[in-house]
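**Student:** Below is one structure. I have some questions about it.
The values are calculated or read from the model by the stated rules, or taken from the named source; none is laboratory data. These figures come from a predicted structure and were not determined experimentally. Here Cβ is always computed from backbone atoms with ideal geometry, including for glycine, and neighbour counts include all displayed protein chains. What goes into the accessible areas is simple: the full protein's heavy atoms, side chains included, and nothing from ligands, DNA or RNA. Shrake-Rupley method; radii C 1.70, N 1.55, O 1.52, S 1.80 Å.
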Amino acid sequence: MQIEQTENIIEVEDVSFVYGKNEVLRHISLTVPRGDYLGIVGPNGAGKTTLLKIIIGLLLPSSGRARIFGKEVSEFRAWEKIGYVPQKVTNFDVNFPATVGEVVLMGRYARRGLLKGVTAEDKAIVRRVLTEVGMESHIHRLIGDLSGGEQQRVFIARALATEPEIIFLDEPTIGVDPRAASEFYALLKRLNTDRGLTLVLVSHDIEMVVKEAKHVACIDRKLVCHTPAEDFLKENRLNSLFEGDFKIITHQHPH
Amino acid sequence: MELPQIFQYSFVVRGLLAGSMVAIIAPLIGIFLVLRRYSLIADTLAHVSLAGVAIGALLGISPIISAIGVTLISSLGIERLRSAKKIYGESALALFLSGSLALAVVLLGLAHGFTASLFNYLFGSIVTVTETDVYLILGLAVVVIAVLVAFYKELVYITFDEEAAHVSGIPTRSMNTVLMLLSALTVSLAIPIVGVLLIAALIVIPVVTALQLRMSFAKTIIAAEIISLVSVLSGIVISFYANLATGGTIVLIMLLIFLGMLLVKR
C-alpha cells in the first residue's frame, strides 16, 4: 500500500495538562506528518517534555486527545513503530552493569514481545545499528564508561534497533560537548533525509533546532508558533516566544 | 567408601540442598532489587515473613507456608501503596516493616512455648528444615527461576530505563508486581537458612559484591551466583564443624568476600 506523503503520524488535539494547581499545557493542537523533522522548543519549564510524554503515552492529558498512527495513545499497541531517546545522559545510573551491546539489544524487545527470547537476527541488527552510529567498536564496553556524546549515540542506536518509523528525542544533547553535539545532529539529519525517519526533538537549544529541523513548534505552556524552520528567524519568533506573546499559528506540511 | 562425617547427618544434607536453591534464587532477585534501589524491600518482606511465621505457629500449620502467604499479600500491598504515591516509598516500607514486626511480637506472645524456636526463625537453623520443606523450597525455587527466565529481558529493560521500557510496550506495572511477588517467595524460602533478620543480606550482598567487578549484566549475575553459592555452602559446612550459627556464618563469609573485593578493586 502506498502511504500518502502527508499522512499525519501524530495528531494533538486541544491538549491541556494540569499538575496540581499548575496549568502546564494549555489547549495545544499540532500535527506531525510522516517524514517531518519537528523541533519542539521553548524556555525551561514551558512544558516541552510534558507534551512529548503525553504524545507517547507516558502521561495522560487532563483534557484533549493525542493520536499516534491514527490511534488514541491509550489504545495504541504498535510500539515497534516508535523509537524513544529519553533525557538520559543527565539522569541514568553510570554504574549500571550493562554493555553497549546489551543496551542496544533492549531496543529489539518491542519487536519480540513477551516470553520470546532474542535471536541471531536481533544480534545482527544490534551490530548494524551500532555501525550506523559509529559505535560498533564499543559493543563490549560498559555504557557508564562512555562519554556523554557516545552514550547518546548508543541510545539512538537502541531506538534504531527497534526499526521504528518515528523517533522521539528529549533534550538529546544535554551533557554532550559541542563537537559531539553537531556530529549527533548530522546523524539525525541523515536518518531523516536518507532513511525517511520522522523525528520529533525536544530541545532548549533554539538556534540548533532552527538550523536542523524542518519545522519548529514553540511552546510556552501554550503553542506560541508552529512554522517551517526557515520562517522562524524571518518572523523573529524568538521574541514572541520569550515574551509569551501569542501569535497566529502558521501550519504547513512539507511536500 | 565412607561418606565424610558431615554427609552422614540427613539434616545437613537437607540444609545443603535447600541452601543451594536459596543461594541460586536470592541474587537473581537481588540484582533487580539492588539496581532499582529496592534493597530495603527485601528487609521489609523479611520482617513481614516473621508475622507469617507467627501466624503459622498459632494455627499449627507449616511456618514456611504461612510466611509465603503473608509475604505475597503484603508485597502486593506495598507495591500498591508505593505506586499510589499517597505516601513516600520508604515510608510505605517502614509502615510494613514495623507493623508486621508488631503483629509478630503480639502473635508470638499468644503462642506460648514458642520462644525457643523463635530464635531459629530469627537467625536461621538448618536443623529445622524438614523433608517437606526441602521439596517445597525446590519446587518454588524452580517456579521463581522459570518466571525470571520468562520475563528476564523485560525486567532488565525496566530496571535500566522504566520509561523507555514502557514506550516499547512492556507492561511495566505488571512486571513490577511480578518482581514483588518473586521477592516475597524468595524471602519466605530463605527463612530456614539464614532467618528473617539476615535474609536481606543474602539478596543484597552477593549482588553488591559482583557489581564491584563492573561487568556486563549477564556476567554480573553469574558472578553474584558464584559468590552466593560459595558463601552459603561453605557457611553451612564451616558452621557444622565449628559449631557456629549457620545464618550468621554465611553472611559473615559474604561480607568477607565483599571486603576482599573492595580491597582488590582499590
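**Student:** What's the magnitude of the charge dipole for the protein assembly as shown around its Cα centre, counting Lys and Arg as +1 and Asp and Glu as -1 at the beta-carbon? Answer in Debye, nearest 20.
**Tutor:** Numbers: 45 positive and 45 negative charges, 65 e Å.
Charge dipole of the protein assembly as shown: 320 debye, to the nearest 20.
**Student:** Considering only the range A:8-243, what is the antiparallel percent among its DSSP beta bridges, to the nearest 5? Please report the intermediate quantities before stating the final value.
**Tutor:** Values: 22 of 39 bridges.
Percentage antiparallel, nearest 5: 55.
**Student:** How large is the Kirkwood hydrodynamic radius of the protein assembly as shown, in angstrom, based on all distinct alpha carbon pairs?
**Tutor:** After inverting the mean inverse Cα-Cα distance, the result is 25.5 Å.
**Student:** Who wins for biggest fluctuation among A:149, A:175, A:42 in a Gaussian network model of chain A, springs between alpha carbons below 10 Å?
**Tutor:** Judging by the Gaussian network model, the answer is A:175.
**Student:** Output the DSSP H helices from chain B with an along-axis C-alpha extent of no less than 20 Å and a mean Kyte-Doolittle hydropathy no less than 1.6.
**Tutor:** Flagged H segments are B:10-35, B:39-59, B:89-110, B:131-150, B:217-242, B:246-265.
**Student:** List the longest stretch of chain A that has no exposed loop site; here a site is one of the trypsin sites (Lys or Arg not before Pro) assigned by DSSP to anything other than H, G, I, E or B, with at most 16 other Cβ within 10 Å.
**Tutor:** That gives A:22-76 as the longest site-free run.
**Student:** Where both partners of a DSSP beta bridge lie in the protein assembly as shown, what percent of those bridges are antiparallel, to the nearest 5?
**Tutor:** Values: 22 of 39 bridges.
Restricted to the protein assembly as shown, the bridges split so that about 55 percent are antiparallel.
**Student:** Return a whole-number percent for the relative contact order of the range B:9-198, with Cα pairs under 8 Å and 6 or more residues apart as the contact set.
**Tutor:** Computed value for the range B:9-198: 37 percent relative contact order.
**Student:** Rounded to whole Å, give me the distance from the Cα center of the range B:215-240 to that of the range B:150-189.
**Tutor:** Here the two parts' Cα centres lie 23 Å apart.
**Student:** Please report, in debye to the nearest 20, how large the charge dipole of the range B:70-213 is about its Cα centre when each Lys and Arg carries +1 at its beta carbon and each Asp and Glu carries -1 there.
**Tutor:** For this selection, approximately 300 debye.
**Student:** Toward the positive end of the charge dipole of the protein assembly as shown, about the Cα centre and with charges on Cβ (Lys, Arg +1; Asp, Glu -1), which of B:110, A:31, B:151 goes farthest?
**Tutor:** The listed residue farthest towards the positive side: B:110.
**Student:** By how many degrees, 0 to 90 and rounded to 10, does the Cα axis of helix A:148-161 deviate from the longest principal axis of chain A?
**Tutor:** 90
**Student:** A further question on this structure: Could you point to the residue in A:203, A:188, A:155 farthest towards the positive end of the range A:8-243's charge dipole, with +1 and -1 charges on the Cβ of Lys/Arg and Asp/Glu respectively?
**Tutor:** A:155
**Student:** How big is the dipole moment of the range A:8-243 about its Cα centre under a simple scheme where the beta carbon of each Lys and Arg is +1, that of each Asp and Glu is -1, and everything else is neutral? Debye, nearest 20, please.
**Tutor:** 520
**Student:** State which entries of A:81/A:116; A:48/A:71; A:81/A:123; A:116/B:85; A:211/A:234; A:21/A:53 exceed 24 angstrom in Cα-Cα distance in the structure shown.
**Tutor:** Cα-Cα > 24 Å for A:116/B:85; rest within.
**Student:** Continuing with this model, one more query. Considering the Cα positions of the range B:9-198, please state its Rg to one decimal place and its Dmax as a whole number of Å.
**Tutor:** Answer for the range B:9-198, Rg first and Dmax second: 16.7, 55 Å.
**Student:** Can you pull the accessible area of residue B:43 for me, 1.4 Å probe, Å² to the nearest 10?
**Tutor:** 40
**Student:** Compare B:235, B:195, B:109 in a GNM of chain B, Cα atoms joined below 10 Å, and give the one with the largest fluctuation.
**Tutor:** In the Gaussian network model the winner is B:109.
**Student:** Remind me, relative contact order of chain A in percent, using alpha carbon pairs under 8 angstrom and six or more residues apart?
**Tutor:** The value is 26 percent.
**Student:** Compare the Cα positions of A:172, A:17, A:96 along the charge dipole of the range A:8-243 (+1 at Cβ of Lys, Arg; -1 at Cβ of Asp, Glu; about the Cα centre) and return the one farthest towards the positive end.
**Tutor:** Value: A:96.
**Student:** Let me ask something additional. How fast does the range B:114-206 diffuse by Stokes-Einstein, in µm²/s, taking the Kirkwood radius from C-alpha pairs at 20 °C and 1.002 mPa s? Each step should come with its number before you reach the end.
**Tutor:** Values: Rh = 14.9 Å.
D = 144 µm²/s.
**Student:** What order do A:114, B:28 take when sorted by accessible area (1.4 Å probe), most exposed first?
**Tutor:** Solvent-accessible surface, decreasing: A:114, B:28.
**Student:** Sticking with this one: Can you compute the FRET efficiency between residue A:18 and residue A:179 using 1/(1 + (r/R0)^6), with r the Cβ-Cβ distance and R0 = 51 Å? Round to the nearest 0.05.
**Tutor:** That pair, residue A:18 with residue A:179, gives E of 0.80.
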